[in-house]
1. What helices (runs of 4 or more DSSP H), lying completely within region 142-245, carry at least 1 residues that are touching a residue at least 40 places away in the same chain (Cβ under 8 Å)?
2. Only one of (1) out of contact with any helix residue (DSSP H, G or I) (no Cβ under 7 Å at 6 or more places or on another chain); (2) at pLDDT 95 or above is not met by M1, so which one is it?
3. Could you pull out the residue among D37, D45 that is surrounded by fewer than 16 Cβ atoms within 10 Å (Cβ to Cβ) and not aliphatic (A, V, I, L, M)?
4. Of the numbered conditions (1) touching a Ser or Thr at 6+ places or on another chain (Cβ under 8 Å); (2) surrounded by fewer than 16 Cβ atoms within 10 Å (Cβ to Cβ); (3) basic (K, R), K203 fails exactly one; give the number of that condition.
5. Condition test on E64, is it at pLDDT below 95 and in contact with a helix residue (DSSP H, G or I) (Cβ under 6 Å, 6 or more places away or on another chain)?
6. Under 9 Å by Cβ, and 6 or more places apart or on different chains, what pairs join a residue from region 21-43 that is on the phi > 0 side of the Ramachandran plot with one that is of a type in the set (K, R) and outside any helix (DSSP H, G or I)?
7. Which members of region 207-235 meet the condition of being hydroxyl-bearing (S, T, Y) and more than 22 Å from Q90 (Cα to Cα)?
Amino acid sequence: MYETIKYEVEQGICRIILNRPDVLNSFNAKMNKEVTDAFKQAGKDPDVRVIVLTGEGRAFSAGEDLANVQGDDFSYGDTLRKRYNPMIKQIASTEKPVIAAINGVAAGAGASAALACDFRIATRKASIIMAFVNIGLVPDSGAMYYLPRLVGMSKAIEMAYLGDKVTADEAHRIGLVNAVADEDHFEEEVNRLATRLAHSATKAIGLIKRALYHNMEVGLEDALEYEAYCQEIAGNTEDHKEGVDAFFNKRKPEFKGR
């Protein structure tokens, strides 16, 4: 179905695997389009409860394939508006939990894609690099939106200005990733979180995600009203009824994502 990615669904977990390992899973136009489409598909599929984004081989993604940026007619602005911005917005707007399983280097737009996910788990050999400045560019694909929100302005300035490699352990220390695992336990750690989320209240998580993004940009009064709006929706889900019944009967809830 896809040429540049793999798309797999098993036991409620959708894995979207960037699959250009010979170029460290760097993006081209086809990959941007396919990732965007895959997230749309996963978002609509009732059998998908959680999405894992990762890379094939030894890298998560090295960012844009620089072989594509040659020529006087190339436009960075048009490329972002047509290829990257739709992909990042689709990741952010998919109302299911999204885990970036950072299996190796995540640089440039590859790092940006990881930042747009809800969780980031890194193997200890992984690194994150805001590499844009190293070739005279500015961080894009949402990097300057997410980075200061995750690590604070001071650290974001340091990473964006210097373009240095941030190791997995340092990324964990500064709050850029949620967890770090040794290579032998990396898949186990990713699967543990994915499985937990796949058995959680998917509709509630989607509403939480929607409200968190919305409430970053509004005042308290609007935030309170939006919480009430989302809570009304959540309160009418089957998962809420199941959760309440499980609470009173002192048992573990069996959420269905409905």
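The values are calculated or read from the model by the stated rules, or taken from the named source; none is laboratory data. Source: prediction; values computed, not measured. Using ideal geometry, Cβ is built from the backbone for each residue, glycine included, and neighbour counts are taken over all protein chains shown.
1. Values: elements: 143-151, 153-162, 168-173, 186-198, 202-215, 220-234.
It comes to 143-151, 168-173, 186-198, 202-215.
2. Among (1) out of contact with any helix residue (DSSP H, G or I) (no Cβ under 7 Å at 6 or more places or on another chain); (2) at pLDDT 95 or above, M1 violates only (2).
3. Working: D37 fails: surrounded by fewer than 16 Cβ atoms within 10 Å (Cβ to Cβ).
Selected residue: D45, the only one of D37, D45 that is surrounded by fewer than 16 Cβ atoms within 10 Å (Cβ to Cβ) and not aliphatic (A, V, I, L, M).
4. (2)
5. Details: at pLDDT below 95: yes; in contact with a helix residue (DSSP H, G or I) (Cβ under 6 Å, 6 or more places away or on another chain): yes.
Here the answer is yes, as E64 does meet what is asked.
6. Cβ pairs passing all conditions: L24/R58.
7. Going residue by residue through region 207-235, those that are hydroxyl-bearing (S, T, Y) are 213, 226, 229.
Once the filter is applied, which keeps residues that are hydroxyl-bearing (S, T, Y) and more than 22 Å from Q90 (Cα to Cα), region 207-235 yields only Y229.
Per-residue answers, yes or no, for (1) assigned by TED's automatic domain parsing to the domain that holds K89; (2) under 29 Å from E10 (Cα atoms); (3) more than 20 Å from the chain's Cα centre (by Cα):
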position: K209; (1), (2), (3): no, yes, no
position: E225; (1), (2), (3): no, no, yes
position: Y229; (1), (2), (3): no, no, yes
position: E242; (1), (2), (3): no, yes, yes
